[in-house]
Amino acid sequence: MATDLEVGKTIMQGQVLVQAAATAQVRQPKRPHVWRKAVLPWLFVAPLLIANIVVVLGPSVGSAFFAFTDWSGLGSFKWVGLANFQRMVGDRVFHVAFANNVKWTLLFLIVPIGMGLFGSAIIAPIKRGAMFYRVAYFVPHVIASVVNAEIWRQILHPTMGIGPWLASRGLKFMDVAFFGNVHTVFYAVAFVDNWQWWGFLLVLYLAAMQAVDPELYEAARLEGANRWQEWRNVTLPGILPNLVFTILITIMWSFKVFDYIYLLTGGGPAHASEVLATQVFNEAFYQFEAGYAAAIGLTMSLISALVVVVFIVLRRKGWEI
Amino acid sequence: MRHRRITRREFLSISGLAAVGLIAAACAPSAAPAPTTSPTQAAGQATEAPTAAPATVASTAVPPTMASKAPTKIVWWNESYNDAMEKNLTTNFVDTFNAAHPDTPIDLTYQENLDQTLRTAVQAGAGPDVVITPGPGFVLEYINAGYILDLSDFAVQYGWKDKLLSWAYDSGTVNGKLYSLPLTFESVLVYYNKTVFDKQAWQPPTTGDEMVALCEAAKKANIYALSAGNSDWKAATEWFVGPFLDEYAGDDNYYKALIGEKKWTDPEFVGAIKMLNDWFQKGYFSGSIDNYHALTGNDYVGNLANGKAAMMIDGTWAFADVPGAFEQSGQDWDWFPMPPLNTGVHQSYGLAIGTTVSINAKSKIPDAAAKALDWIVNDKKRAMTIASGMSFGEWVVPLHFTPEDFPANVDKRIARFYQDFVAVTGRGDYGYTTWTFWPPKTEEYVYQGFDDVMAGTTTVEQYLAQIQQQFDAERTAGKTPPVPKRNV
């Protein structure tokens, strides 16, 4: 007859065995299919990855390479090192275009963002007809730029537009060919682009405002805050991530602005509305200077990359953006 | 349990490798286009200005036997036109060719941005069998890169040299070999509102002084002297620069400058550009420089047709728009040649090729493509029908047209122009348009730089000095289109 100790041993051994069996069962490979772990994720990302490699990464790397060549856009090429970048230093058109891009950036950091913030602050408290305002301000953004450009070309037409119409009614100073005068053309095109852009920002800020906790406004009111103080201390911090994001994309998009300038003025007259993107287009397609155009394009990309780096650094420093 | 994740490094490695592979594949044909064998050059078949700077050309002829194995469609990419013009081209060109050549029909596709699309396709070793470009300066880039087939043998086979006007044929030759045929020839003339002229009792001017007097009279009558604008086509300015250089300095001097025997900074050319700038500053062009920069093609043709403007310096392509605009306005129009602007200068017409047609060096059916090219030039009646259907705006092939070739339904004013063009240029009075005979970068500066002259940020002397510098650089690099020889 087994002693208690033996019985105990047996039981323990049995427990150990059962435990071991259980553990073994747990570890039993329901053998993970290799394709599920290593291949399947790639299959999911493959379509987008391939598309990006083909239409973004490939041409980007290609452009970066050609920036160091004398490629005409057709046929063979020679490696020219930094010659294209040295050429930029002495290129008057590049200087004008770069300065215009900087001017454009500053203009769009101030005007549409300011209008969007102001407009959203005014519209946010409106309850009745709120949707109407949102749609009304957003509509220009969904109209194709080529259509917008044509609408404003007609409105600001030098002989049939609003300018000569107002001039004939006494406002002589309005008799201006806005898209033809070297002093007004840049601002005229920026005005048209802004007309399409600021409504988008307004709606974006409005949406962000809805995410702000209403109790914060209530608390602010209980503390006796006025509308400005409410906006300054509750709304602005609440929408700060959206605001910073729009600042970021404004800077990046301002350095690649092309459509309205190309459609309305082609960069003219006398390069008064020239920007880097229109210069790239001219150099590549009319002057057969694809290498130089790529160098300018690479410069534009580096500027955008710099903005992104600043953005990342700020995030790492704890900015909620 | 730890899943194996795709690390950032692996992701970047794989992406990078794929990109490098892709780029390597994409670059291969463009970096080293494979030239094919050279044909036997038919002696004396192609002429070129002997004094013009030689262009570097990769030889790309393909033996005609290559064509026999691939009885496929001839892929033809064309710039897009309006519906009526496209229908005309289909009916009178594509359908007639396909009916006669059922084994190798033309597959014609209209492209919105033909030039850009074509460049990408051709250097990828693909693209259409038939290559169409906006002029000799453009096709020269393709030729230098080795993408265009030498057509010299086909020229002999089909007798193209005899069928085409000699200057137009020569414009397609480089280093004695034919690479392109002229699909559309053009020139510049002065359209005028006849209703306005009749009302004001004005006569078409025959000298520069008369033209200036007319412009002043128009200003006094509160009418734009010259309808113009470059808002939608910045290059429109070169339609004036070229004729002013020609009609002020004279054809011979212009030719000498093109072949390097004169400088663009010489006094004759300075005088021409100063005169053009003076006309702009005085508001002869659409009332003011600002208006000029803000008006589009539709605007200025409309202004002429509505009597808001008296005249319009424009190309023959405007034959496609002017009659319709005047029909709408109910007024009458006519034209006169650009008058000589300086004493001792003959009235002439600027020669221009607005479109060239060639064969892709990679075409697998060059024989069939050559037949399609021959279909453009081998029947004057068909060519006239097509040109007429395009309102003489496109596909005006420079054949030896006689007055009898113009059907009765062709506008008499248009027919009169082409007859006069043949007569005047036939006696040697012809000049050279910038978009046909100038290298591309210099041509671009011609109109971009003149904007600066008008704005006062560049002097005429600086402008011409820059032209000379650019011209010399491109001439040295072999980028000057062929210039028909002139006896001076």
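The values are calculated or read from the model by the stated rules, or taken from the named source; none is laboratory data. Everything numeric in this text was worked out from a predicted model, so none of it was measured. Cβ placement follows ideal geometry from the backbone for every residue including glycine, while neighbour counts extend to all protein chains displayed. Please note that ligands, DNA and RNA were not included when accessible areas were found on the heavy atoms of the full protein model with its side chains. Shrake-Rupley method; radii C 1.70, N 1.55, O 1.52, S 1.80 Å.
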message = Tell me the volume per residue, in Å³, of the convex hull enclosing the alpha carbons of region A:91-316.
response = 155 Å³
Theoretical ellipticity at 222 nm over chain A - DSSP helices of four or more residues, -39500 (n - 2.57) apiece, nearest 500 = -22000 deg cm²/dmol
key: Relative contact order computed over chain A (Cα-Cα under 8 Å; 6+ residues apart), in percent   = 26 percent
message = Quick check for you: with a 1.4 Å probe and neighbouring chains kept, what is the accessible area per residue of region B:141-190, in Å²?
response = 20 Å²
Sites matching trypsin sites (Lys or Arg not before Pro) across region B:376-436 that sit in DSSP coil, with at most 14 neighbouring C-beta atoms within 10 Å = B:ARG427
ask   = GluC sites (Glu not before Pro), restricted to region A:202-252: which are DSSP loop and have at most 12 other Cβ atoms within 10 Å?
value = A:GLU223
key: Solvent exposure ordering (accessible area, 1.4 Å, most first) of B:SER388, B:SER171   = B:SER388, B:SER171
task = Taking the Cα centre of the protein assembly as shown as origin, work out the dipole magnitude from +1 charges on Lys and Arg Cβ and -1 charges on Asp and Glu Cβ, in debye rounded to 20.
result = 3480 debye
remark   = Residues whose modelled amide H sits under 5 Å from the amide H of B:TYR432, counting only those 5 or more places away in sequence or on another chain, are B:LEU351
message = If each DSSP helix of 4+ residues adds -39,500 (n - 2.57) and the sum is divided by the residues in chain B, what number results at 222 nm, nearest 500 deg cm²/dmol?
response = -13500 deg cm²/dmol
query = Over region A:79-189, what is the mean sequence separation of C-alpha contacts under 8 Å (at least six apart), divided by residue count, expressed as relative contact order in percent?
reply = 10 percent
request  = Could you check how much of the accessible area of chain B is carbon and sulfur, as a whole percent, using a 1.4 Å probe?
outcome  = 53 percent
ask   = Taking the Cα-to-Cβ direction at A:SER76 and at A:ILE50 and moving 7 Å from each Cα, how far apart do the two end points lie in nm?
value = 3.5 nm
Mean accessible surface per residue for region A:58-164, computed with a 1.4 Å probe while every protein chain stays in place, in Å² = 52 Å²
ask   = Which whole-number percent gives the relative contact order of chain B, counting Cα pairs below 8 Å spaced six or more residues apart?
value = 25 percent
request  = Restricting things to alpha carbons, tell me how big chain B is in terms of Rg and Dmax, in Å.
outcome  = 24.3, 98
request  = Ignoring everything but the protein chains, give the 1.4 Å probe accessible area of B:THR206 in square angstrom, nearest 10.
outcome  = 90 Å²
task = Just give the residues from region A:269-295 buried by at least 30 square angstrom of accessible area in the all-chains context relative to the isolated chain, probe 1.4 Å, and say none if nothing qualifies.
result = A:PRO269, A:ALA270, A:HIS271, A:PHE285, A:TYR286, A:GLN287, A:PHE288
Portion, in percent, of the accessible area of chain A that falls on carbon or sulfur, probe 1.4 Å = 68 percent
ask   = Between chains B and A, what is the buried accessible area in Å², counting both sides, with a 1.4 Å probe and ligands, DNA and RNA left out, to the nearest 100?
value = 3700 Å²
Residues of type aspartates and glutamates that B:LYS73 reaches as a straight line, Cα spacing below 18 Å, ignoring anything fewer than 8 places off in the same chain = B:ASP95, B:ASP103, B:ASP107, B:ASP129, B:ASP367, B:ASP374
request  = Hey, can you find the accessible area per residue of region B:304-457 for me, probe 1.4 Å, expressed in square angstrom?
outcome  = 31 Å²
ask   = Counting GluC sites (Glu not before Pro) as exposed when in a DSSP loop with at most 13 other beta carbons within 10 Å, what is the longest stretch of chain B free of them?
value = B:262-488
inquiry  = Which residue, A:TYR262, B:SER329, B:PRO340, has the largest displacement toward the positive end of the dipole of the protein assembly as shown when charges sit on each Cβ (Lys, Arg +1; Asp, Glu -1)?
reply    = A:TYR262
request  = Taking H placed 1.01 Å from N in the peptide plane, check which residues at least 5 places from B:LEU183 or on another chain put their amide H under 5 Å from its amide H.
outcome  = B:THR355, B:THR356, B:VAL357
Spatial separation of Cα centroids for region A:76-122 and region A:227-250, in angstrom = 25 Å
